[in-house]
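Written out below as structure tokens is the structure these notes cover.
The values are calculated or read from the model by the stated rules, or taken from the named source; none is laboratory data. It should be emphasised that the depicted structure is a prediction, and the values quoted were computed from it without experimental measurement. Cβ placement follows ideal geometry from the backbone for every residue including glycine, while neighbour counts extend to all protein chains displayed.
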Amino acid sequence: MNNKDYKIMSHSQFGIGTHEGLITKRTKNGGLQAHTLVCFDADVNEVKTCGEADTPWGIVTRDALTKGALACIQPLSGCAQTAKLKLSGVAKAGKFLCRAAEGCVRQLPEEAGVYQIIGMALTDGLNNDYVEAITTLPYNMEVK
């Protein structure tokens, strides 16, 4: 049997190098809810719930509530799959999603300002609901 003939797949991969699929990181303080955005904590090996001023890089796929828990994270962009994200407010399919408080996303507002785009909704959703989305690496969009 040759190792090149078989591809090892796991729900999540822990370590350094390149990753296919989900990435595992530790939580410093726990409290990560599934389907919310995460960013690096003080250490690149740890993640936390993304605040409005943070730059997200992934989505937690299942709860990691306890201190030091391992979190499975789906990277934004580059995934061959859609993501489920928790909403703050109402979103309509086909509308851009931007970062909101407590790791949630919201539909891009009509009010003037600069907003960090996370992706596009594929389904409609209500406040505290979940929306299916296509994600992207965060970028700023100005609404005039």
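Listed values, structure above:
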| quantity | calculated |
| --- | --- |
| Selection within segment 93-114 - touching a Leu at 6+ places or on another chain (Cβ under 6 Å) and more than 14 Å from Val131 (Cα to Cα) | none |
| Top-ranked residue in segment 83-102 [being aliphatic (A, V, I, L, M) and part of a loop (DSSP other than H, G, I, E, B); ranked as farthest from Leu37 (Cα to Cα)] | Ala93 |
| The one condition in (1) exposed (fewer than 15 other Cβ atoms within 10 Å of the Cβ); (2) modelled with pLDDT under 90 that Glu110 fails to fulfil | (2) |
| Where Asn127 falls short, out of the listed (1) loosely packed, with under 15 Cβ neighbours inside 10 Å; (2) out of contact with any Gly (no Cβ under 6 Å at 6 or more places or on another chain) | (2) |
| In segment 129-144, the residues that are within 21 Å of Cys39 (Cβ to Cβ), free of Cβ contacts under 8 Å to residues at least 60 places away in the same chain and not aromatic (Phe, Trp, Tyr) | Val131, Ala133, Ile134, Asn140, Met141 |
| Of residues in segment 17-31 being crowded, with 17+ Cβ neighbours inside 10 Å and within 14 Å of Asn45 (Cβ to Cβ), the one modelled with the lowest pLDDT | Ile23 |
